[in-house]
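Written out below as structure tokens is the structure these notes cover.
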Amino acid sequence: MSLAQIDSGALTAVYTDAQRLGIADDGDLKWVNNKLYKFVKIVDLDCSVNECLYPASVDGNSYTIDYTGGSGLTAKVAAIALGTVDISEAPYTWVQICQPGTIGEVRTDDGVAAADAVIGHTVDGECDTMGDGEEEFVFGFALEADSGSPNTAAIMFG
């Protein structure tokens with residue numbers, strides 16, 4: 001693992017195995033504007049911008065949007081997708097790590113209000129408001145009510 005030296009615009013790009021050579025290696029980290037990004041492989045299902053991701057390998061180099069039926073190792077959100085990934089074409093990409101104290105735009109379920117504690121949702125890629133008994137799955141707090149299509153909200157990770 002190393003700190004990659006790439007252009008910040010490349011954070012939303014996707015790569016085939018061959019294309020990524022010389023760009024980044026699995027697990028490389030990059031700090032941009034006080035946010036931590038990691039170069040990973042997306043597995044199980046395609047993902048879209050702002051979707052919640054779960055670790056899918058013990059080395060932390062593979063992620064999935066599907067923790068209920070896929071390779072997810074935990075139901076706690078660990079990263080957010082920055083680009084749209086078609087895993088059959090180009091499964092390698094940068095993701096934003098849910099680093100405490102940083103903010104990210106996250107896909108929601110159309111029910112998140114400002115100040116809500118949020119957790120991963122059983123709908124792939126979305127987050128939801130925490131319910132009773134789900135405190136251990138909280139990955140952040142909504143800074144605003146969700147809006148848009150698809151619904152998103154600014155989330156303070158931590």
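Name the residue that is nearest to residue 90 (Cα to Cα), counting only residues in region 39-59 that are within 11 Å of the chain's Cα centre (by Cα) and assigned to a strand (DSSP E or B). Full working, then the answer.
First pass over region 39-59, keeping only residues within 11 Å of the chain's Cα centre (by Cα): 40, 42, 47-55.
Within this subset, residues satisfying the condition of being assigned to a strand (DSSP E or B) are 40, 42, 47, 52-55.
Details: 40: 11, 42: 9, 47: 11, 52: 19, 53: 17, 54: 19, 55: 18 Å.
Only one residue fits best here, namely 42.
Just to be sure before I move on: is residue 93 buried (at least 17 other Cβ atoms within 10 Å of the Cβ), β-branched (Val, Ile, Thr) and without any contact (Cβ under 8 Å) to a residue 24 or more places away in the chain in the structure I sent?
On the way: buried (at least 17 other Cβ atoms within 10 Å of the Cβ): yes; β-branched (Val, Ile, Thr): yes; without any contact (Cβ under 8 Å) to a residue 24 or more places away in the chain: no.
The answer is no for residue 93.
Check off (1) over 22 Å from residue 153 (Cβ atoms); (2) in contact (Cβ under 8 Å) with a residue 40 or more places away in the chain; (3) within 12 Å of the chain's Cα centre (by Cα) for residue 62 and give me the number that stays unchecked.
In the conditions (1) over 22 Å from residue 153 (Cβ atoms); (2) in contact (Cβ under 8 Å) with a residue 40 or more places away in the chain; (3) within 12 Å of the chain's Cα centre (by Cα), residue 62 misses (2) alone.
For region 118-133, how many residues are more than 15 Å from residue 66 (Cβ to Cβ) and buried (at least 17 other Cβ atoms within 10 Å of the Cβ)?
Filtering region 118-133 for residues more than 15 Å from residue 66 (Cβ to Cβ) gives 118-119, 128-133.
Add one more test, that the residue is buried (at least 17 other Cβ atoms within 10 Å of the Cβ), and what stays is 118-119, 128-130.
Number satisfying all stated conditions: 5.
Could you tell me whether region 52-67 includes any residue that is within 30 Å of residue 18 (Cβ to Cβ), touching a helix residue (DSSP H, G or I) at 6+ places or on another chain (Cβ under 6 Å) and either among the β-branched types (Val, Ile, Thr) or at pLDDT below 95 (or both)?
To start, the set of residues in region 52-67 that are within 30 Å of residue 18 (Cβ to Cβ) comprises 52-67.
Checking the rest, the ones that are also touching a helix residue (DSSP H, G or I) at 6+ places or on another chain (Cβ under 6 Å) come to none.
No, the conditions are met nowhere in region 52-67.
Please tell me if residue 132 is of a type outside the set (Val, Ile, Thr), without any contact (Cβ under 8 Å) to a residue 24 or more places away in the chain and not in a loop (DSSP other than H, G, I, E, B). Steps first, answer last, please.
Numbers: of a type outside the set (Val, Ile, Thr): yes; without any contact (Cβ under 8 Å) to a residue 24 or more places away in the chain: yes; not in a loop (DSSP other than H, G, I, E, B): no.
Against the criterion (of a type outside the set (Val, Ile, Thr), without any contact (Cβ under 8 Å) to a residue 24 or more places away in the chain and not in a loop (DSSP other than H, G, I, E, B)), residue 132 does not qualify.
Residue 36 versus (1) assigned to a strand (DSSP E or B); (2) under 23 Å from residue 130 (Cβ atoms): which is the lone unmet condition?
All conditions pass for residue 36, except number (2).
I need the strands (runs of 3 or more DSSP E) fully contained in region 72-122, keeping only those with at least 2 residues that are under 14 Å from residue 138 (Cβ atoms) and at pLDDT 95 or above.
117-120
The values are calculated or read from the model by the stated rules, or taken from the named source; none is laboratory data. Keep in mind that this is a model prediction, so the values were computed, not measured. Reconstructed Cβ throughout: ideal geometry from the backbone, glycine too, with neighbour counts over all protein chains shown.
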